[in-house]
Every structure is written in structure tokens, then in C-alpha cells.
Amino acid sequence: MLPKHVAIIMDGNGRWAQERGMPRGEGHRLGAESVRRAVRRARTVGVKYLTLFAFSTLNWQRPTDEVRDLMDLLVRFLDEELPELIERGIRLVAIGERELLPERVRAKLEAVEAKTACGGDMTLVLAVSYDGRRDLVRAAQRVAELARRGVLLPCDVDETILAGGLSTADLPDVDLLVRTSGEVRLSGFLPFEACYAELYFTETLWPDFDEAALDAALADFSRRQRRFGRTAEQTVALG
Ligand code: FPP
């Protein structure tokens, strides 16, 4: 079965460049090419939601030049891909603390969100200046504010209400979470949303992650049995 929502931690751009004696920026530039390939392939095979971890809140600590390179790449990607996003019915959504982004980046993201809002074939979610814990804290603050205003009682708060306060409120849960580069951790990516996701780790560095690599992750997912707490027999019986 194909996962409806695939989320990817795109890791290894720096190592890819260092292994070749190139500046890290070159790894990010090639990484942006992998983004294009992954988006196209996901759309072609019928993935409905693709969420990419493009920039963590923690990445603000990187050298100023590297942060600027990444922001420039993002803007260029959005400029260059817009016609294809529209043509292929891909809606772009940004999650994360967009108020922390430079104005030109925020404006570009919002313009592309607006211009692709009608895309009904796939949703491409870019996590930019994103950290899952911070997003959860914000959701808790939103819910607390509703309780303070008397809109709901603390005992009314359930998973759906909390999820509604997240920046991913309109997205389904993650089915498959992929991380490249051999690192085996989640790094604050979608902690609530990927609670029941299947995890897939590959040694492939992100700039080398091509269509075949995505297909391999999807094929691996199709062989998993998701039981959600049921027995294997129940799962088979319930389909
Ligand atoms: C990890 O590589 C990747 C990032 C910090 C960001 C991902 C960015 C891109 C794929 C390029 C541009 C994005 C878009 C959406 C156009 P790393 O630098 O942490 O690699 P390392 O662990 O090998 O140092």
C-alpha cells in the first residue's frame, strides 16, 4: 500500500560536499535538486502529502553564510518550481515559525502558498524554521487561551483539539517517515503527527536520494504490517 503522507528528514548535504572536497553550500545546492526529484516522483506515484524538513529552528545556529545560502536556495526553488507546482496540481504549505524568517523568504512562501492553493493532487509541506516541541508548546498555548476565554473546559481538551492547534492542523498523520544519511533520530520532526509512523532510515546522503531511493522507501513501507495495537490476526481480518 502507498503511504498517504510521507515526511522526510533530508540529511547529509554537508557530508556529501565534504567527501568531495567541496563547500557545504554545494551539497545544499545538489540537495535542492533532490527536493525537485522527490516532489516530482511523489506526485507521479500518487503520494498525497509530502512533508520535507527544509530548515530546523536549531539550524539558525549555523554560520551566517550557510543560513543565507539555504534561504537563497529556498527562494530560488520556489521561484523556479512555481509553474510546475501549478501545472501538476501541487499545493504548497509552509509550517514552522514563519515570523522568524527573513521578510523576502516569508513573502515568497506566502505568495506561492496563495498561488498554489487550488492544487488538489498533492500537498507539499515545507517545514521551515520548524521544531516539533515548539509547535506543540504553541498548540498548548492556543488551547489554554481558549480555556481562559471559556470557549472550552480543560476536560474538553483531547487529541483532536490539541492537534487543531498545531501548524499541521489540516494535514493527516504521517504514515512513513524517512531520514537519509545514516543518522537514526527524529530531531524534533513532527513528534505528534508521526507518533504512529513507520520509520525508514537509509545510509544514502540526501543529494544522492533519487527516484529509485524514494521508490525503495515506498516499497519497504508496502511490506510493513501496521497493527495499531491489534494482533497480527486481527489486522489481517480487518484488512
Ligand atoms: C541537512 O544537511 C539538510 C539541511 C540542513 C536542510 C535541507 C536543505 C536542502 C535539502 C536544500 C534546500 C531546500 C529546499 C526546500 C529547496 P546537513 O547540512 O545537516 O548535512 P550534514 O549532516 O552532512 O552536515
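The values are calculated or read from the model by the stated rules, or taken from the named source; none is laboratory data. Fair warning: this is a prediction, and the values are worked out from it, not measured in the lab. Positions of Cβ are backbone-derived with ideal geometry, glycine not excepted, and every protein chain shown enters the neighbour counts.
A compact table of results
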read-out	value
Residues of region 75-103 classified as away from the ligand (no atom under 15 Å from the Cβ) and either part of a helix (DSSP H, G or I) or free of Cβ contacts under 8 Å to residues at least 24 places away in the same chain (or both), total	6
Output for region 193-239, where each listed residue is touching a helix residue (DSSP H, G or I) at 6+ places or on another chain (Cβ under 7 Å), among the β-branched types (V, I, T) and either loosely packed, with under 10 Cβ neighbours inside 10 Å or touching a residue at least 60 places away in the same chain (Cβ under 8 Å) (or both)	T204
Subset tally (residues that are closer than 15 Å to D173 by Cβ and among the acidic types (D, E)) for region 184-223	2
Any chance E19 is surrounded by fewer than 23 Cβ atoms within 10 Å (Cβ to Cβ), modelled with pLDDT of 95 or more and closer than 24 Å to R185 by Cα	yes
Meets criteria (within 13 Å of the ligand (Cβ to nearest atom) and either in a helix (DSSP H, G or I) or in contact (Cβ under 8 Å) with a residue 24 or more places away in the chain (or both)) for R41	no
Scan of region 108-131 for residues that are crowded, with 16+ Cβ neighbours inside 10 Å and over 27 Å from G46 (Cβ atoms), ordered by number	K108, S129, D131
Pairs, first within 20 Å of G132 (Cβ to Cβ) and more than 12 Å from the ligand (Cβ to nearest atom) in region 3-29, second among the aromatic types (F, W, Y) and part of a helix (DSSP H, G or I), C-beta under 7 Å, six or more apart	P3/F221
Residues located in region 159-184, provided they are in a loop (DSSP other than H, G, I, E, B) and within 16 Å of the ligand (Cβ to nearest atom)	T180, S181, G182, E183, V184
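Yes/no per residue for (1) of a type in the set (V, I, T); (2) modelled with pLDDT under 95; (3) within 26 Å of R43 (Cα to Cα); (4) more than 16 Å from the ligand (Cβ to nearest atom):
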{"position": "V157", "(1), (2), (3), (4)": "yes, no, no, yes"}
{"position": "L186", "(1), (2), (3), (4)": "no, no, yes, no"}
{"position": "T202", "(1), (2), (3), (4)": "yes, no, yes, no"}
{"position": "W206", "(1), (2), (3), (4)": "no, no, yes, no"}
{"position": "D220", "(1), (2), (3), (4)": "no, no, yes, yes"}
{"position": "Q234", "(1), (2), (3), (4)": "no, yes, no, yes"}
{"position": "L238", "(1), (2), (3), (4)": "no, yes, no, yes"}
